[in-house]
Amino acid sequence: MSLKISRILHAGYVFECGATRIAFDPVFENPFSRNCHAFPDVRFDLEQIRRQRFSAVFISHFHDDHCSFDSLDLLDRDTTIYLYCLFDELFAMLRELGFRDVRALRIDEAVTIGTIEVVPREAIDADVDSMFQIRAEGLNVLNVVDAWIAPVTLAELARQAPWHMVLWPFQTMREVEVLMPSRAGIDPVEIPAEWLDQLKVLNPRYVVPSSCQFQQEPWSWYNRAFFPLTYRLFQQTVEAALPQARVVRLNPSVSVTLDATSLQPSAPLPWVIPVGEQDVDYQYDGHAAPPATADIARHFAPLTAQQTQTVLDYCHAGLLEKYAGMELEPGGYFDQPRVWRLSLYGHDGTVTHLRYRVHGDSIARLPDDDSSPLGWTTEVPLAKVYAALVLGESLTSMYMRINDERFDAATEEEIADAEIVDDPLIRCLFNDAFGAYQAAQLRRLKAGKN
């Protein structure tokens, strides 16, 4: 028998062998994760998706671009959900969504569903990620999802050879650099040598560039600054390094049939509908000048007076309580007293500046007219802070701007070694935050059904 592999979107796939149909990390939304727009563009036939029956769904980790309740809500509640996650809360939320059979995945413990065996493999960030080894009818496929492979895992995967196909996360993504564009260097655009070394060890017959099929909003400067790699460069580099391998691009809806000797086109997923040109590629400009945060903020709908007050109340009180309660490890940039300026930009481009004195794990508001020298700055659209507080917005879509300011010479020297995650707003919104996106989805879905 053969194995049919179909791309949904991003890290989402359907694997079929005989009567067994398994969905991996299914996302049926465009955009997903609030501002991830499918690239290439697609739409979904939601009524057809509601009629789909999967033997099981496997979810590699809890990030909202892999575990979205808006997508899972379309599925039959008798579908068994297998999830890799170290937090019990997400399992409880899935059951609250209505799924009756939700099971935890364990690293290296195989799960057999009909004719397909799935083995979760350990990723380098084992507290978050997992990878999937999929075996069926003598075929062996590795879905790396968007994880990194640890050396010990690579040795085990080498022992599992031969590999008929590897689904490889092909974008490096400049997630940190776009947060501080005035301080970020411009790295060479190239496939990391570590990837090529690992692919040589795996020595697969086919490599699919995977886990990156999105851009941000059409107006976003991130679309030129966030994605440095192209499909074309990935194919050229990988095929040059692995002459025996073939790089195969799977756009959304596209299906292939893999057997022991070949890879053939197959009938596409009818409920994933391509829109426009599909063989598009990323266009990177490392020198792209970012727009001012005031201009970015104008793209977002205005907050109501109550929503604005929610943000201001948090910045005046809640943020201080959160920061003071975190018991931060010593050794960071804020071990020395620093003046931090938080700048909140409204939809009309107006700005509210707030000043704080930060020292270790203590923080205090400063008067608005305080003129002490600045030691750290954060700019962010007001609407995005509200979205993070209420809707589970993630850091990558916040359009936050860190230290877009020139400080005195001593501060400049010290700030060069600072970690961007030392930013007080990042710490307060995202440190120890888990499941906020799914929790917000669940509240909305339940409210809509009442």
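The values are calculated or read from the model by the stated rules, or taken from the named source; none is laboratory data. These numbers come from a predicted model, not from an experiment. Note that each Cβ is placed from the backbone with ideal geometry, even for glycine, and that neighbours are counted across all protein chains shown. Quick note on the areas: whole protein, heavy atoms, side chains included, nothing else; ligands and nucleic acids left out. Shrake-Rupley method; radii C 1.70, N 1.55, O 1.52, S 1.80 Å.
Sorting the segments 412-422, 310-320, 238-248 by their residues' average number of neighbouring beta-carbon atoms within 10 angstrom, most packed first, yields 310-320, 238-248, 412-422.
Packing around the peptides 185-194, 267-276, taken as the average count of other Cβ atoms within 10 Å per residue, puts them in this order, highest first: 267-276, 185-194.
Solvent-accessible surface of the stretch 293-448, taken per residue with a 1.4 Å probe and all protein chains present: 46 Å². Distance from the C-alpha centroid of the stretch 338-398 to that of the stretch 204-282: 39 Å, rounded to the whole angstrom. When the convex hull of its Cα atoms is viewed from all sides, the stretch 112-211 shows a mean projected area of 7.6 nm². Of the chymotrypsin sites (Phe, Trp or Tyr not before Pro) found in the stretch 171-247, those that fall in a DSSP loop while having at most 14 other beta-carbon atoms within 10 Å are Trp219. In a DSSP loop and with at most 14 other Cβ atoms within 10 Å, the trypsin sites (Lys or Arg not before Pro) in the stretch 399-450 are Arg406.
Coupling constants for the stretch 388-393 follow from the phi torsions by the Karplus curve (6.51 cos²θ - 1.76 cosθ + 1.60, θ = phi - 60°), and in residue order they are 5, 6, 10, 10, x, 3 Hz; glycine and proline get x. Once you treat every alpha carbon in the stretch 293-448 as an equal point and sum by Debye, what is log10 I(q)/I(0) at q = 0.12, 0.16, 0.17 Å⁻¹? Rounded to two decimals, the profile gives -0.52, -0.93, -1.05.
Probe of 1.4 angstrom, ligands and nucleic acids ignored: what's the accessible area per residue over the stretch 7-96, in square angstrom?
Result: 32 Å² per residue.
With the contact rule set at Cα under 8 Å and sequence spacing of 6 or more, what percent relative contact order holds for the chain?
This gives 15 percent for the chain.
Of the GluC sites (Glu not before Pro) in the stretch 244-328, the ones in a loop by DSSP (not H, G, I, E or B) with at most 14 other beta carbons within 10 Å are Glu277, Glu327.
Ranked by the mean number of other Cβ atoms within 10 Å per residue, highest first, peptides 351-360, 282-291, 1-10 order as 1-10, 351-360, 282-291.
Which one, Asp70, Asp369, Asp129, has the greatest fluctuation when you compute a Gaussian network model over the chain with C-alpha springs under 10 angstrom? Looking only at Asp70, Asp369, Asp129, the largest GNM fluctuation is found for Asp369.
Adding -39500 (n - 2.57) for every DSSP H run of four residues or longer, then dividing by how many residues the chain holds, sets the calculated 222 nm ellipticity at -6500 deg cm²/dmol. Rounded to 0.05, the FRET efficiency of the Arg95 and Val128 pair, given R0 = 25 Å and the Cβ-Cβ distance, is 0.70. The list (i) 23.1, 74; (ii) 21.3, 60; (iii) 21.8, 75 gives values of Rg and Dmax of the Cα atoms in Å, and only one came from this structure; which label was calculated from it? Derived directly from the coordinates: (i). Applied to the stretch 293-309, the Karplus parametrisation 6.51 cos²θ - 1.76 cosθ + 1.60 on θ = phi - 60° returns per-residue 3J(HN,Hα) values of 4, 4, 6, 4, 4, 5, 7, 9, 4, x, 7, 6, 4, 5, 5, 4, 5 Hz, with x for Gly and Pro.
Given a 1.4 angstrom probe, I'd like the percentage of the accessible area of the stretch 316-450 that is carbon and sulfur, rounded to a whole number. For the stretch 316-450, the apolar C and S fraction of the accessible surface comes to 48 percent. Here the alpha carbons of the stretch 200-253 define both size measures, Rg and Dmax, at 13.6, 41 Å. Per residue, the average separation of C-alpha pairs within less than 8 Å and at least 6 apart gives the stretch 232-376 a relative contact order of 17 percent. Counting only residues at least eight positions apart within a chain, or on another chain, the aspartates and glutamates with an alpha carbon under 13 Å from that of Lys384 are Glu393. Here the stretch 3-274 has 49 percent of its accessible surface on carbon and sulfur atoms, given a 1.4 Å probe and all protein chains in place. In the stretch 308-352, a dipole from Cβ-located charges (positive for Lys and Arg, negative for Asp and Glu) runs towards its positive end, and of Phe334, Val311, Tyr345 it is Tyr345 whose Cα lies farthest in that direction.
Its Cα centre serving as origin, the stretch 3-274 has a Cβ charge dipole (Lys and Arg +1, Asp and Glu -1) of approximately 780 debye.
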